[in-house]
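Structure, as structure tokens:
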Amino acid sequence: MDKIVVQETKPGVFTQVAFGQTFVIDDVQHGWQVVELWSDADLAEIGVYRVTQAVPPEGYEIVSASIKRLGGVVKQVLVTRLSPPRPLKASARQLRLAMNMLGIRDEIEEYVASQSRDVQDSWQWTTEFESNHPFVVGTAEHLNKSEAELIALFTLAQSIQ
């Protein structure tokens, strides 16, 4: 069902009715079939509403959702925030070739060589890197590379076939 079914338990207080769940209103138990068979007007008379699920705008994610009566219409209201950018991904080969092109490969290799064996193994054996991975971010910070430089590196790497 593409709609949320809610019951107004007190004025302005809405509770979601789970799919298939029976519900009680004024000591009368109603089966789920009521939701499927009755009109919106009939349901509204007993304080039950079919509510269209709200969709966040493109590029936003849902922080919270609630049901409110706005202008006499029961609606789902979303609180959203800008979605965090998806991390850029590049293969180890693409990344190393991009580092060569930018002339920063030796600096990065020297830094990795000075780190623990676990870090060296990660550098050597990881097949795909993400721009937001702690290893990548930490290396960039240690080498005084800005976020813009890191994004430029991954963008260049992604362009390499």
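How many angstrom lie between the C-alpha centres of region 111-161 and region 58-78?
After rounding, the separation between the Cα centres reads 40 Å.
For region 1-52, what relative contact order do you get, as a whole percent, if you take Cα pairs closer than 8 Å and at least 6 residues apart?
On the way: 60 pairs, mean separation 22.0, N = 52.
Answer for region 1-52 is 42 percent.
For LYS75, give me every one of the lysines with a C-alpha distance below 23 angstrom, ignoring sequence neighbours fewer than eight places off in its own chain.
LYS3, LYS10
How high is the FRET efficiency from ALA152 to VAL28, r the C-beta distance, R0 41 Å, rounded to 0.05? Let's see the in-between values first.
Numbers: r = 66 Å, r/R0 = 1.60.
Step by step, r from the Cβ atoms, then E = 0.05.
Any chance you could run the full-extension gain for ILE46 through GLU141? It's 0.36 nm times the residue separation minus the Cα-Cα distance, nm to one decimal.
On the way: separation 95, 0.36 × 95 = 34.20 nm, distance 6.06 nm.
Full-extension gain reported as 28.1 nm.
In Å², and per residue, what accessible area does region 28-106 have when probed at 1.4 Å with the other protein chains present?
For region 28-106, the per-residue accessible area is 66 Å².
Given the Cα-Cα distance of LEU37 and ALA18 and 0.36 nm per residue of separation, how much length would full extension add, in nm? All intermediate terms of the calculation are to be shown ahead of the outcome.
Values: separation 19, 0.36 × 19 = 6.84 nm, distance 1.63 nm.
Between LEU37 and ALA18, full extension yields an extra 5.2 nm.
What nm distance separates the two modelled labels at VAL112 and ASN100, each placed 7 Å from Cα along Cα→Cβ?
Taking the simple label geometry, VAL112 and ASN100 are separated by 1.3 nm.
The values are calculated or read from the model by the stated rules, or taken from the named source; none is laboratory data. Quick caveat, the model's predicted, so the values are computed rather than measured. Glycine also receives a Cβ, built like all others from the backbone with ideal geometry; neighbour counts cover every protein chain displayed. Side chains included, ligands, DNA and RNA excluded: accessible areas come from the protein's heavy atoms. Shrake-Rupley method; radii C 1.70, N 1.55, O 1.52, S 1.80 Å.
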